[in-house]
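What follows is a short report on a single structure.
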Amino acid sequence: MSDASAVDPEEAFVAAVSSCHMLFFLSIAAKRNYIVEQYEDQAEGTRERKNDDHYDQSLILQ
């Protein structure tokens, strides 16, 4: 059973990739002198244990 007060690894993975994607997009926009007035994305991810030392992870960014 997991600790509810601890960081969920699956949520941390999704948040990190989503944040990286946003920063990459904004850096390209800034280099091209685009003004970004709003940014929104929706990230979903799963993490599935395959055996004692292996997980499969998938992520969808929209």
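Observations on the structure shown:
- Number of positions in segment 4-18 that are loosely packed, with under 13 Cβ neighbours inside 10 Å and charged (D, E, K, R): 1
- Considering residues of segment 19-62 that are assigned to a strand (DSSP E or B) and hydrophobic (A, V, I, L, M, F, W, C) only, the residue surrounded by the fewest Cβ atoms within 10 Å (Cβ to Cβ): I60
Computed from the coordinates by the stated procedures, all read-outs in this text should not be read as laboratory data. What you see is a predicted model, and the numbers here were worked out from it, not measured in a lab. Virtual Cβ from ideal backbone geometry, glycine too; neighbours counted across all protein chains shown.
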